[in-house]
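Nothing in this text is a laboratory measurement; each read-out follows from the coordinates by a stated rule. Everything numeric in this text was worked out from a predicted model, so none of it was measured. Here the Cβ is made from the backbone with ideal geometry for all residues, glycine too, and neighbour counts use every protein chain on show.
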Amino acid sequence: MDMRWENFIGGGYRPASRGLYFEDLNPATGNLVAQVARSGSEDLQWAIDSAKEAFGSWSKTSPEARAGILYRIGEGLVLREEEFALAETLDTGKPIAFSRSVDIPRAAANFRFFAAAATQFASEAHEMPGRAINYTLRQPVGIVGCIAPWNLPLYLMSWKIAPALAAGNCVVAKPSEFSPVTAAMLGEVCNEAGLPPGVLSILQGFGSEIGEAIVDHPDVKAISFTGGTQTGARIASRTAPAFKKISLELGGKNPCIVFADCDYPRTLREIERLAFSNSGQICLCGSRILVEQSIYERLSADLVNAATQLHPADPLDPATRMGALISEPHLQKVHGYVEQARSEGGRILCGGQRLPGAGAFYPPTLIDGLGPEAACNREEIFGPVATLQPFATEEEALELANHSAYGLAATLWTENLSRAHRMASALQTGIVWVNTWLLRDLRTPFGGVKHSGTGREGGWEAMRFFTEPKNVCINFGPRNA
Ligand code: NAD
């Protein structure tokens, strides 16, 4: 693997204008993965200039030609899947099995999905009989900024880049400074697939430097952002005066609501997955497990048993199911919440102490005895820490579930169909899963309400975000009508 990654601009790799680099570390070992370009506003201006040059012809390229290129990018990722999976694991400390089965296949699927979408997304026409015809053009927005987090690096970056390119935009993308490598490698795949120079630039660096520069640049007309709620709020306030389009996919504090009439063995298996996958570092992970009183003791005992068998281990071992957290400071933040839970009277049922030795390893941690106002029930921890709370009635479950500033996703575990419909309708979230978790049809809208963000990604929602509708009304009635 290369030890130095530059920015990808104008179809080539270009050193950062200020000659600065930052260190990309492997959180499982503390070892250096790569030196990475630390971009500033001059790098951004190069990217903008090359995007401006490319936009004229890219925006007029036929949907079929764009689709062909996107499809080949997806295929290129499949061909180099092992190399990309390894890079993702070294950057983030996630299990190689997860990178191989989730991150990279899904990034490839995103490109192939939006390749097909490019050819299917069509103008609408509305006839006013005998008078006029309206048609609505969907034109690319122009140059768009795509900013992604570190938890599912290429998966989430491709979820933005692919629809933006499919719709005919030029993209300036910024991966997280904690997970820069797969985005950097993507430039090579794009070149091999025939993406014209300048259509996509990948700028590396810090959010406070190059991230903000992208958000503020007057030629960047839309920002698609996934990350923390505070960062999202900052982006919203900085883009508001310029009326930029924004799509913000932010944090969550997702309830997992378990009724006594659930399919118990399946529910138990799935709760372990939804609480601890990727060490709880998925915005959709369930972190508040609400359990009907009559099965509370049994389920907490079984969950503790399952969690204690999940040992964080070497991410490069194919048998490992739980790896490291993204960084030492993040581990300290996660542990700080556990300490706070202790001081607020919570009972640590399992976990709650970092693993000895090097690397940011933290075990699955379950906490009960906390009220809804405790920090662990209100704030996003983004680690392998979940709380358990009992409820007596459906109404109480709903009240607890909706008692949150966030509104991303909820899961419901019940065999009662009427209850599932009632609850799904009343939950204040953008996504509800019933008897499943993380089952995604790429055509469906994805996103949250309240402090979990604004706008939706996925399917036509993404194609709509990355286009401007223009209505054309043509009068064909009698000359004086
Ligand atoms: P973050 O907000 O710190 O950073 C996200 C990205 O924004 C990074 O690339 C970062 O460099 C950049 N950034 C930081 N400050 C910026 C600024 N002022 N202007 C522009 N860009 C800036 O988030 P993170 O720690 O990387 O990711 C974790 C967060 O992401 C969690 O809150 C998680 O819930 C959220 N997330 C949400 C979703 C979703 O779909 N809703 C998916 C994954 C992660």
Seminar exercise, completed: Heads up, segment 27-85 by the C-alpha gyration tensor (a ≥ b ≥ c square roots of eigenvalues; a/c under 1.5 rounded, else a/b over b/c prolate, else oblate) looks oblate
For this session: With a ≥ b ≥ c taken as the square roots of the eigenvalues of the C-alpha gyration tensor of segment 254-434, please select rounded if a/c is under 1.5 and otherwise prolate if a/b is larger than b/c or oblate if it is not?
Result: prolate
For this session: Counting helices only, and only those DSSP H runs with n ≥ 4, report the 222 nm mean residue ellipticity of the chain as the sum of -39,500 (n - 2.57) divided by its residues, in deg cm²/dmol to the nearest 500.
Result: -12000 deg cm²/dmol
For this session: Report the chymotrypsin sites (Phe, Trp or Tyr not before Pro) located in segment 146-255 that are in a DSSP loop and have at most 13 other Cβ atoms inside 10 Å of their Cβ, or state none.
Result: PHE243
Problem set entry | Charge dipole of segment 18-106 about the Cα centre (unit charges at C-beta), most positive-ward option of THR89, VAL102, SER39 | VAL102
Exercise. Antiparallel as a % of all DSSP beta bridges within the chain, to the nearest 5?
Worked result: 45 percent
For this session: Can you tell me the 0 to 90 degree angle between the C-alpha axis of helix 81-92 and the longest principal axis of the chain, rounded to 10?
Result: 60 degrees
Seminar exercise, completed: Whole-Å distance linking the alpha carbon centroid of segment 140-165 with that of segment 1-61 is 15 Å
Exercise. With charges only on Cβ, +1 for K and R and -1 for D and E, what is the dipole size of the chain about its Cα centre, in debye, rounded to 20?
Worked result: 1240 debye
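Find the relative contact order for segment 254-434 and round it to a whole percent, using C-alpha pairs within less than 8 Å whose residues are 6+ positions apart. Mind showing how you got there, number by number?
Working: 342 pairs, mean separation 52.2, N = 181.
So the answer I get is 29 percent.
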Problem set entry | Beta bridges by DSSP in segment 254-434, antiparallel share as percent, to the nearest 5 | 10 percent
Exercise. In segment 392-481, which chymotrypsin sites (Phe, Trp or Tyr not before Pro) are in a loop and have at most 16 other Cβ atoms within 10 Å, using DSSP for the loop call?
Worked result: PHE476
Problem set entry | Selection from PRO329, THR436, GLN389, by position along the positive dipole direction of the chain (Cβ) | THR436
Exercise. What list of ³J(HN,Hα) values in whole Hz, one per residue of segment 33-48 in order, does the Karplus curve 6.51 cos²θ - 1.76 cosθ + 1.60 (θ = phi - 60°) give from phi, with Gly and Pro shown as x?
Worked result: 8, 6, 8, 10, 4, 10, 7, x, 5, 5, 4, 4, 5, 4, 5, 5
Exercise. How big is the charge dipole of segment 151-225 about its Cα centre, in debye rounded to the nearest 20, if each Lys and Arg gets +1 on its Cβ and each Asp and Glu gets -1 on its Cβ?
Worked result: 220 debye
For this session: Averaging sequence separations of C-alpha pairs under 8 Å and six or more residues apart, then dividing by the length of the chain, give the relative contact order as a whole percent.
Result: 19 percent
Problem set entry | the chain shape via C-alpha gyration tensor axes, a/c threshold 1.5 | oblate
For this session: Among LEU408, ILE257, GLN353, flag the residue with its Cα farthest along the positive direction of the charge dipole of segment 254-434, charges on Cβ as +1 for Lys/Arg and -1 for Asp/Glu.
Result: GLN353
